[in-house]
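Structure first, then comments.
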Amino acid sequence: MKIYAVKDYDAMSKKAAEILAAKLILKPNAVLGLATGSTPVGTYKNLIDMNSKGLIDFSQVKSVNLDEYVGLTGDHDQSYRYFMNTNLFDHVNIDKANTNVPSGIAADTAAECARYDKVIADMGGVDIQVLGIGNNGHIGFNEPDSVFTRGTHIVELTQGTRDANARFFASIDDVPTKAITMGVANIMFADTILLLASGEAKAQAVYDTVMGSITPNVPASILQLHKNVIIVADEAALKLIPASMKN
Ligand code: F6R
């Protein structure tokens, strides 16, 4: 794991965007694995800025998102499809037909999970996967469990995750109880993982991810087994990590 320690959220966002931009310059038809939540918003703002200046081009890019809330349609303002459109896709020259978010409203969830696994496989896998991290060490809504999950599947969100995300909804009762996620295996198959973390609330999860045992109780800890993980995190999120491990 390569850990880039930066001062704050803005510096994290700039560094993460530079890493993604470097990938797009080297491979204009890259497959981007994308995340939602508060963490990558600044990264996406930087990418929009670079795209508007002609520094990066999304015309050949394909994307695949980690997850979606079960029960929300793509035009619901808290759905992750809506999030991606408003925070990135509407503002760059990506072809929306090349962007993928699992459906949260599929009647046949097993078929939707199988379809999404095939979408990822047909793209030839993800070149670089952006990840945020939950306070409990979840990645892509793969919550602490007794096993590492394989492909796309439905997850029951923990009360802690629902509480953390209640800030976006009118009330806790409106926060969905389930999500559809691409699963830990699809994340692990990405060529490069770019894990972002900001703020003290993430410090323990980052410590457990980097320094702890590899356990499905801390889903992100499996990233210790991935050959190419880049962590970009600010001082607060890295406060428990020894200085010798930070770049
Ligand atoms: C989002 C996702 C989640 C978030 C995590 C952190 O697509 O899969 O795992 O990355 O819940 O969320 P924030 O960034 O809001 O702290």
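No value in this document is a laboratory result; all are computed from the given coordinates. Because the structure is predicted, anything quoted here is derived from the model rather than measured. For neighbour counting, all protein chains shown are included, and Cβ atoms are generated from backbone atoms with ideal geometry for every residue, glycine included.
Structure above, values below:
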quantity	calculated
Between the range 7-46 and the range 114-155, the Cα center-to-center distance that results, in Å	18 Å
Cβ-based exposure ranking for Val147, Val206, Val232, in which fewest neighbours within 10 Å come first	Val147, Val206, Val232
Helical contribution to [θ] at 222 nm, DSSP H n ≥ 4, -39,500 (n - 2.57), averaged over the chain, rounded to 500	-9000 deg cm²/dmol
Aspartates and glutamates with Cα under 13 Å of Lys15, excluding same-chain neighbours fewer than 8 positions away	Asp234
Sorted by Cβ density within 10 Å, fewest first, the residues Phe169, Phe83	Phe169, Phe83
Theoretical FRET efficiency, 1/(1+(r/R0)^6), r = Cβ-Cβ of Lys118 and Gln224, R0 25 Å, to 0.05	0.30
